[in-house]
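*Asks:* Here it is, the structure, as structure tokens.
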Amino acid sequence: MKAKRPAAVALATALLSLLILLARRVQKMRAEPTALPYNQRLWAEFPRPLVSRTRLRKLLRPKAGQRMLEVGPGTGYYSLHTAGWLLPGGTLEILDVQQDMLDDTMRNASALGVKNITPTQGDAQELPHADNTFDSAYLVATLGEVLNKEAALKELRRVLKPGGRLVVGEGQPDPHMIRFKVLQGLAETAGFSFEERIGGPLGYFARFKR
Ligand SMILES: C[S@@+](CC[C@H](N)C(=O)[O-])C[C@H]1O[C@@H](n2cnc3c(N)ncnc32)[C@H](O)[C@@H]1O
């Protein structure tokens with residue numbers, strides 16, 4: 001009986017140290033956010049029941065013929081579906097800092113016969129589009145990776161048409177996940193008004209109006 005106690009204490013100490021290390025790592029990742037490297041793209045390819053494409057569609061309310069922007073498409077988990085929701089006549093423009101991500105999405109689109117996606121390499125903090133260009137825009141698991149989130153939201157507001165909608169998706173276990181209340185504060189400061197949310201602390205989509 002007595003011999004078991006040191007082992008239990010050692011295990012508890014090891015677990016606690018691991019938790020502290022993990023918490024420190026997440027804290028650092030949030031303080032100094034960087035884009036998910038292309039060689040770790042597998043993380044962006046897992047299915048997400050709480051941040052699902054069905055939920056995205058519900059909040060985006062896409063219509064045929066619209067011009068839509070996705071910032072940070074990764075390898076196209078959402079884009080390959082969203083593009084189809086805009087047919088006939090609509091276009092999905094995707095913007096990512098990493099050309100490799102865009103190339104991957106475009107390869108996947110071509111394999112599936114999706115033809116209405118236009119890729120642009122660029123930074124969310126300084127969008128290369130003209131004012132009042134898009135009917136709607138969305139970004140999933142991306143805003144947390146952007147250093148200046150306020151600038152990115154202001155840019156999104158600028159490129160949306162008056163009355164245009166922005167949908168943001170965030171979910172665990174993303175270390176950069178932005179809690180809804182924080183997002184709402186940032187979006188309202190950038191000039192958006194909150195409209196609707198689906199989901200909770202583990203994963204949600206929220207829609208804002210320009
Ligand atoms: C975690 S991945 C998410 C990909 C995809 N939205 C998804 O949910 O599967 C984040 C993506 O945002 C891109 N990204 C990060 N910072 C960015 C920035 N400042 N401007 C544009 N794209 C950015 C990354 O390159 C990456 O493709």
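*Asks:* Ala187 passes all but one of (1) assigned to a helix (DSSP H, G or I); (2) of a type in the set (A, V, I, L, M, F, W, C); (3) within 15 Å of the ligand (Cβ to nearest atom); (4) touching a Phe, Trp or Tyr at 6+ places or on another chain (Cβ under 8 Å); which number fails?
*Replies:* (3)
*Asks:* Could you list, in sequence order, all residues of region 87-142 that are assigned to a loop (DSSP other than H, G, I, E, B), surrounded by 14 or more Cβ atoms within 10 Å (Cβ to Cβ) and either among the β-branched types (Val, Ile, Thr) or within 12 Å of the ligand (Cβ to nearest atom) (or both)?
*Replies:* Val97, Gln98, Val114, Gly122, Ala124, Gln125, Leu127, Thr133, Ala141, Thr142
*Asks:* Considering only residues that are in contact (Cβ under 8 Å) with a residue 40 or more places away in the chain and within 16 Å of the ligand (Cβ to nearest atom), look in region 158-171 and name the one that is surrounded by the fewest Cβ atoms within 10 Å (Cβ to Cβ).
*Replies:* The selected residue is Gly171.
*Asks:* Right, something else. Take the residues of region 29-45 that are assigned to a helix (DSSP H, G or I) and small (Gly, Ala, Ser): which is surrounded by the most Cβ atoms within 10 Å (Cβ to Cβ)?
*Replies:* Ala44
*Asks:* Something else about it: Report, by residue number, each residue of region 56-82 that is outside any loop (DSSP other than H, G, I, E, B), free of Cβ contacts under 8 Å to residues at least 60 places away in the same chain and within 14 Å of the ligand (Cβ to nearest atom).
*Replies:* Matches in region 56-82: Ser79, Leu80, His81, Thr82.
*Asks:* Hey, another quick one. Leu50: among the aliphatic types (A, V, I, L, M) and modelled with pLDDT of 80 or more, yes or no?
*Replies:* Answer is yes for this residue.
*Asks:* When Arg30 is evaluated against the numbered criteria (1) touching a His at 6+ places or on another chain (Cβ under 8 Å); (2) away from the ligand (no atom under 13 Å from the Cβ); (3) modelled with pLDDT of 80 or more, which criterion, by number, is the only one it fails?
*Replies:* Result: Arg30 fails condition (3) only.
*Asks:* Condition check: assigned to a helix (DSSP H, G or I), polar (S, T, N, Q), without any contact (Cβ under 8 Å) to a residue 40 or more places away in the chain and within 20 Å of Gln172 (Cβ to Cβ). Does Thr13 satisfy that?
*Replies:* no
*Asks:* Does Gly74 meet the test of being touching a Gly at 6+ places or on another chain (Cβ under 6 Å) and not hydrophobic (A, V, I, L, M, F, W, C)?
*Replies:* No, not satisfied.
*Asks:* Any idea how many residues of region 143-157 are more than 9 Å from the ligand (Cβ to nearest atom) and in contact (Cβ under 8 Å) with a residue 40 or more places away in the chain?
*Replies:* Total satisfying the criteria: 3.
*Asks:* Is it the case that region 190-203 has a residue that's surrounded by 21 or more Cβ atoms within 10 Å (Cβ to Cβ) and away from the ligand (no atom under 12 Å from the Cβ)?
*Replies:* Yes: one or more hits.
*Asks:* Given the condition more than 15 Å from the ligand (Cβ to nearest atom) and more than 17 Å from the chain's Cα centre (by Cα), answer yes or no: does some residue in region 39-48 qualify?
*Replies:* No: zero hits.
*Asks:* Thr118 - would you say it is in contact with a helix residue (DSSP H, G or I) (Cβ under 6 Å, 6 or more places away or on another chain) and among the hydroxyl-bearing types (Ser, Thr, Tyr)?
*Replies:* Considered against the rule, which asks whether it is in contact with a helix residue (DSSP H, G or I) (Cβ under 6 Å, 6 or more places away or on another chain) and among the hydroxyl-bearing types (Ser, Thr, Tyr), Thr118 comes out as no.
The values are calculated or read from the model by the stated rules, or taken from the named source; none is laboratory data. Predicted, not measured: the structure shown is a model, and the values here were computed from it. Positions of Cβ are backbone-derived with ideal geometry, glycine not excepted, and every protein chain shown enters the neighbour counts.
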